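The block underneath contains the structure these notes are about, expressed in C-alpha cells.
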Amino acid sequence: MSLNWRTLPTRLGVFKANCKGLACLLVFTVSVCGSAPGMCPAACICASDIVSCTSKNLTRVPGNLYKCMKRLDLSYNRIGILEPEWVPVLSEKLNTLIVNHNSISSISTGSFSTTPNLKYLDLSSNSLKTLGSPVFQELKELEVLLLYNNQITQIESLAFGGLYKLQKLYLSYNLVSHFPLDLYIGKHKLTDLVLLDISFNHIQTMPVQRLSSVPAKQLSGIYLHGNPFHCDCVLYSMLIFWYQRHFTSVVDFKNEYSCLLQSDPRGHYKLPLLHDNVINCSESTVNSSFQAFGFIHDAQVGDRLIVHCDSRISDTGTQFVWVSPDNRLLEADRDTDNFKVFPNGSLEITDAQLENSGLYSCIAINKKRLLNETIEVRINVSNFTVNRSHAHEAFNTAFTTLAACVASIILVLLYLYLTPCPCQCKAKKKKRKLNQSSAHPSILNSALP
C-alpha cells in the first residue's frame, strides 16, 4: 500500500487509513504517545517506555513526563512527602513505580490518584513511620508493595483496604509490634495475598488461634523470623506445624526463629525456638494447636464428620485423592462405604465407626502446574458409651478415695482430742494425793502439847 504524505494528517485525524488490525493500532498508539506533553526530562534517562531519574537529588517529580511510560524509577533522590498529584501527569499506562532510598516520611490520601494502574510499587528504605488509612485506596490493580527498611511502628486497620489484587507485601526491618491480622480476617481481608514478609520487626506474640482459620495457601507465605518472640508453647506448636508442612517461610529460616524468656526482658539469652523443644512444651499443647489448624479431628461413633484438605494448591483444575488408614483409595467420582470425597477436596465420613480412626492422607494434584502436595490428617473416633462408663467408674473410685480420706481425718481428730488422760496427768494426780496424806500427820503433831 502506498501512502500519500499530503493526506496522512487527514487519514490519522479521521482514522480512515486503509489499514486493519495491528497496523491501525500501531498508528493510533504513535499518535497518542506523540501528543503527550514532553518526551524525556533533562534529569532523566528514557528508553522506550522506561524513564529513569535515579540519583539526581530531586525533591519533586519532573512535570514533563510523557503519558506512555510504563516504568518510572525515582530512587536515590530527596523526595520527602507524597501529596495528591505528586506525580503531575496522569499516567494510566504506568505499572511500575520505584521510589526507594528517598526521604519519604508521610503519604497523604489521594497520592496515587494519577497512577491508578500500578502493579508494582517500591517505597522501601524511606522514613515512613505510620501507614494511615486508606492511603493506597486508588491502587486497585496493585500486586506487589515494598515497604521494607522504613521506621513503621503503626499500621492502621484499613491501611491496605481495597488492595484486593495484592499478592506480595514486604514489611521487614520496621518497628511493627502487632501482627496485621486485618490482612487475613475480616471484611477487608486480602484473599490473594500469598506472601507477607514481616520479619525483623518488634512482634512478641502472635494471634495463633485467629490464624487457624486462614487457608494454608496464605499461611505458607508468612515470614516471621527475626522477631523478639516471647517463649510460648502455642507459638512453638504453630511453627512446628508449619515446619512439618514444609512451609518455606519456616524451613528456609529455621535458625532465625528464637524466643526470649519473660523472666529475661532484656533479651540476654535467646533460645532457638525450633530446636529440640528447648522450651519444654507438652505433647498435649502441641496436639491442641494441630486440632485448631484442623489436622487432628475427634468424633464419636455415629457422628457425621467433614474433614477439609487444606492444600496450598487450590487452583482451578486441582484434583484431590484421599488414602484411608487401611490404604484404600478414596476418589471424588465414587463413594466408598461411608466415605465421600467432594470436588473441593473435603472428605465426608457418615456414621463414623471405631475402625475409621487413624491417619488419612490427602493428595492434591495439579497436572497443569506439575504440582502435588500430600497432607496428613489424624481422625480419632471414640465410643461415647464406653467413655461414659469409664468416667462413671473413675468418679466412683475418686469418691471412695475421698470418703476414706475424710474418715481418716475424723479418726485422727478423735484420737487427739477424746483420748484418756495421758500418764503425766496420772502422775500429777498421784503426787497430789501423797501431798494431802502427808499433810494430816503434821497437823496432828502441831496439835500435841
Rounded to one decimal in nm, the spacing of the 7 Å Cα→Cβ label points at Ser103 and Ile296 is 5.7 nm
How big is region 38-289 by Rg and Dmax over its Cα atoms, in Å? 20.5, 68
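If the viscosity is 0.692 mPa s and the temperature 37 °C, what translational diffusion coefficient in µm²/s does Stokes-Einstein give for region 198-261 when Rh comes from Kirkwood over Cα pairs? Numbers along the way, then the final one.
Values: Rh = 11.8 Å.
Estimated via Stokes-Einstein, D reaches 277 µm²/s.
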With labels modelled as points extended 7 Å from the Cα through the Cβ direction, what inter-label distance (nm, one decimal) is found for Ala47 paired with Arg60? 3.0 nm
Inter-part distance where region 308-380 and region 156-213 are each reduced to a Cα centre, Å: 30 Å
Region 345-370 scanned against label point 7 Å out from Asn338 along Cα→C-beta; backbone N under 14 Å for 348-358
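Do any chymotrypsin sites (Phe, Trp or Tyr not before Pro) in region 184-271 lie in a DSSP loop with no more than 14 other beta carbon atoms within 10 Å, and if so, which?
Values: sites: Tyr184, Phe200, Tyr223, Phe229, Tyr236, Phe241, Trp242, Tyr243, Phe247, Phe253, Tyr257, Tyr269; in loops: Tyr184, Phe200, Phe247, Phe253, Tyr257, Tyr269.
Qualifying residues, ordered by number: Tyr269.
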May I ask you to compute the full-extension gain from Glu143 to Ser361, defined as 0.36 nm times their residue separation minus their alpha-carbon distance, rounded to one decimal in nm? 75.1 nm
Can you pull the one-decimal nm distance between simple spin-label points at Ile410 and Ser382, each 7 Å off the Cα toward Cβ? 3.5 nm
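First measure r as the distance between the Cβ atoms of Tyr120 and Gln209, then evaluate 1/(1 + (r/R0)^6) with R0 = 35 Å and state the FRET efficiency to the nearest 0.05.
Details: r = 34 Å, r/R0 = 0.98.
Step by step, r from the Cβ atoms, then E = 0.50.
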Can you work out the PRE-style zone for Ser127? Point 7 Å along Cα to Cβ, and I want the residues of region 140-181 with backbone N under 12 Å. 151
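If eta is 0.890 mPa s and T is 25 °C, what Stokes-Einstein diffusion coefficient results for region 294-385, Kirkwood Rh from Cα pairs, in µm²/s? Don't jump to the answer; show the numbers that get you there.
Numbers: Rh = 13.4 Å.
The diffusion coefficient I find is 183 µm²/s.
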Normalised by the residues of region 38-289, what does the relative contact order come to in percent, with Cα pairs under 8 Å and at least six apart? 10 percent
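What is the gain in length, in nm to one decimal, between Lys67 and Gln244 on full extension, counting 0.36 nm per residue of separation less the C-alpha to C-alpha distance?
Computed gain between Lys67 and Gln244 is 58.7 nm.
On a full-extension model of 0.36 nm per residue, what is the gain between Leu175 and Thr374, subtracting their alpha-carbon distance, rounded to one decimal in nm? Show your work: numbers first, answer last.
Numbers: separation 199, 0.36 × 199 = 71.64 nm, distance 3.70 nm.
Length gained, Leu175 through Thr374: 67.9 nm.
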Return the FRET efficiency for the residue pair Leu354, Gln167: r is the Cβ-Cβ distance, R0 is 56 Å, and the value is rounded to the nearest 0.05. 0.80
FRET efficiency, 1/(1 + (r/R0)^6) with R0 41 Å, evaluated for Arg304 and Thr191 via beta carbons: 0.90
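None of the figures in this text is laboratory data; all of them are computed from the coordinates on show. All values derive from a computational prediction rather than experimental measurement. We place every Cβ from the backbone using ideal geometry, glycine too, and count neighbours over all the protein chains shown.
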